[in-house]
Amino acid sequence: KTTTVEMVAGVTRPDHGSVRVLGLDPFSDRAAVRQVLGVQLQSGFLHGALTVRELAHLYRTFYPAGRDPDELVATLGLEEQRDVRYEQLSGGQQQRVAIVLALVGDPRVVILDELTTGLDPQARRQVWGVVEDLRDGGATVLLVSHLMEEVERLCDRVTLIEGGRVVAHDTPA
């Protein structure tokens with residue numbers, strides 16, 4: 001799964017075959033893909049000395065259009081932490097910052113890898129609401145999850161991958 005996500009995000013080049021995001025190649029069309037794709041990876045590294053607000057506003061500058069970073073910070077329950085350095089946040093708070101950064105460019109396609117890892121039940125429900133709003137707003141969401149409750153609630157289609165091969169693809173039911 002990690003390799004697949006990395007290929008879609010343009011981090012890893014496929015050994016064979018091809019990957020397309022809205023018809024674009026993540027490598028040869030890198031700049032265009034970055035404008036339509038938002039990515040929250042399971043583990044990421046951000047500059048620890050920057051605050052939540054600074055990170056959100058910095059990432060917003062990467063896009064010609066996008067969402068209000070302060071509004072996203074509030075939506076993801078980080079308003080009280082907006083002036084806290086990233087390195088001082090809990091794991092769940094860092095996870096929510098990663099989601100803010102994935103969404104600040106208002107992407108048409110979003111990759112969310114183990115979206116709610118480290119989140120308490122209230123934060124998990126809050127994040128699920130954000131994903132439902134994305135989906136209802138027309139964004140394509142590629143959700144990587146081992147939590148079947150999450151998959152059943154958020155996914156229209158499910159693909160099971162085993163050993164790098166698709167073994168099932170259907171509705172959650």
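The values are calculated or read from the model by the stated rules, or taken from the named source; none is laboratory data. Here the structure is a predicted model, which means the values were calculated and not measured. Cβ: placed from backbone, ideal geometry, glycine included. Neighbour counts: every protein chain shown. Note: areas computed on protein heavy atoms with side chains; ligands, DNA, RNA excluded. Shrake-Rupley method; radii C 1.70, N 1.55, O 1.52, S 1.80 Å.
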Count of residues meeting criterion [over 17 Å from A123 (Cα atoms), open to solvent by 40 Å² or more (accessible area, probe 1.4 Å), outside any helix (DSSP H, G or I) and out of contact with any Ser or Thr (no Cβ under 6 Å at 6 or more places or on another chain)] in region 64-83: 4
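Okay, residues lined up against (1) at positive phi; (2) in a helix (DSSP H, G or I); (3) among the basic types (K, R); (4) open to solvent by less than 80 Å² (accessible area, probe 1.4 Å):
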position: T4; (1), (2), (3), (4): no, yes, no, yes
position: V8; (1), (2), (3), (4): no, yes, no, yes
position: H16; (1), (2), (3), (4): no, no, no, no
position: V19; (1), (2), (3), (4): no, no, no, yes
position: S28; (1), (2), (3), (4): no, no, no, no
position: V33; (1), (2), (3), (4): no, yes, no, yes
position: F45; (1), (2), (3), (4): no, no, no, no
position: G48; (1), (2), (3), (4): no, no, no, yes
So which residues in region 50-63 are crowded, with 20+ Cβ neighbours inside 10 Å and under 23 Å from Q122 (Cα atoms), if there are any at all? V52, A56
Looking only at residues in region 87-123 that are under 15 Å from F45 (Cβ atoms) and out of contact with any strand residue (DSSP E or B) (no Cβ under 7 Å at 6 or more places or on another chain), which one is surrounded by the most Cβ atoms within 10 Å (Cβ to Cβ)? V97
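Of Q95, Q81, which residue is at pLDDT below 95 and closer than 13 Å to V52 by Cα?
Testing whether each residue is at pLDDT below 95 and closer than 13 Å to V52 by Cα leaves just Q95.
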If we scan region 151-169, do we find a residue that is within 17 Å of T2 (Cβ to Cβ), open to solvent by 80 Å² or more (accessible area, probe 1.4 Å), in contact with a helix residue (DSSP H, G or I) (Cβ under 8 Å, 6 or more places away or on another chain) and at pLDDT below 90? yes
Residue under question is V131, and the condition is that it be more than 24 Å from Y63 (Cβ to Cβ), without any contact (Cβ under 8 Å) to a residue 24 or more places away in the chain and open to solvent by less than 20 Å² (accessible area, probe 1.4 Å); does it hold? no
Evaluate region 52-67: report whether one residue or more is closer than 21 Å to L22 by Cα and without any contact (Cβ under 8 Å) to a residue 12 or more places away in the chain. no
